[in-house]
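Coordinate-derived values only; no laboratory data. Fair warning: this is a prediction, and the values are worked out from it, not measured in the lab. With ideal geometry, Cβ positions are generated from the backbone for all residues, glycine too; neighbour counts draw on all protein chains shown.
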Amino acid sequence: MADIHSNLTAFQAVLGDVTARGGVAEVWCLGDVVGYGPDPGQCIELLGQYEHVCVAGNHDWAAISKLDTAYFNPAAAAACHWTARQLTDEDRDYLENLPLTIKKGDFTLVHGSPREPIWEYLLTVGEAEENLAHFKTKFCLVGHSHVPIVFQCSESGKCSLSPLSDGEEVALGEARLFINPGGVGQPRDGDPRASYAIYDEETRKVTLHRVPYDIKATQKKMIKQGLPMPLVTRLSYGM
Ligand code: ZN
């Protein structure tokens, strides 16, 4: 799962869905645990209750001043400064120690891209093709764009792109793949439901799942905390 973004209600809904599907051995988190939403500390704490690994995202770094918010749009920067004020020393330690890249068997986990783990968005086949040389495993899991998508790449290094919809399965075969499971806490593909994927080691399939959650509950908390209105309203549209 990627881009939880301090949206505890969405995160809880996703974890509930995981449990209803029989649970997972380990949560693989693709960064941006915090930023934008109203519950940064609670999201770090809840993630910590699960067997998990997590890489750093740009918002995780910005919240602990490891990255300058001058590169953020005004709403994102305002939310980031608010987030920084909510974090405990323990939360900051957790974010401080997140690695940029994690290898899990056949998978490389990064937030943005293998070439530029914090910043680069993998949105086009050209970007995917250029990134093939930057990781050694067969498959790469990315977040950052909050859009569920898969890039399939041939042996000759040509990639093709397909969006992933609810229930869609990606079979792991010969092709190298980049898979983005979409965003948990701030989806941006026009579907406001939380997005994540489950990898089944036995069937060698990755399945995308969309999970409805109480968007209004998150929005109420954001308004109460004075978080920027554009960040509140976009949750209704998944944009
Ligand atoms: Zn993000």
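Compute the acute angle (0 to 90°) between the alpha-carbon long axis of helix 74-86 and the principal axis of greatest extent of the alpha-carbon atoms of the chain; round to the nearest 10°. The answer is roughly 70 degrees.
Over 26 Å between Cα atoms: which of LYS103/LYS205; LYS136/LYS205; LYS104/LYS158; LYS158/LYS205; LYS138/LYS158; LYS66/LYS138 fall into that group? Could the numbers behind the result be given before it?
Numbers: LYS103/LYS205 18 Å; LYS136/LYS205 20 Å; LYS104/LYS158 24 Å; LYS158/LYS205 22 Å; LYS138/LYS158 14 Å; LYS66/LYS138 30 Å.
From the list (LYS103/LYS205; LYS136/LYS205; LYS104/LYS158; LYS158/LYS205; LYS138/LYS158; LYS66/LYS138), the Cα-Cα distance tops 26 Å for LYS66/LYS138.
For every other residue with a beta carbon closer than 15 angstrom to the beta carbon of LEU132, add +1 if it is Lys or Arg and -1 if Asp or Glu, then tell me the sum. Before the final figure, lay out the partial values.
Details: positive: ARG115, LYS136, LYS138, LYS158, ARG176; negative: ASP106, GLU116, GLU120, GLU127, GLU129, GLU130, GLU155, GLU174.
After counting each charged neighbour, the total is -3.
Defining a contact as two alpha carbons under 8 Å apart and six or more residues distant in sequence, what relative contact order in percent does the chain show? Over the chain, the number comes to 22 percent.
Given R0 = 25 Å, the distance between the Cβ atoms of ALA171 and TRP119 translates into a calculated FRET efficiency of 0.25.
The spacing between the range 84-102 and the range 176-226, judged by their C-alpha centroids, is 22 Å. Once the Cα atoms are used to define both axes, helix 215-224 deviates from the longest principal axis of the chain by about 40 degrees. Backbone geometry of the range 124-130 corresponds, through the Karplus equation with coefficients 6.51, -1.76 and 1.60 at θ = phi - 60°, to 3J(HN,Hα) couplings of 10, 5, x, 5, 5, 4, 5 Hz, x marking Gly and Pro.
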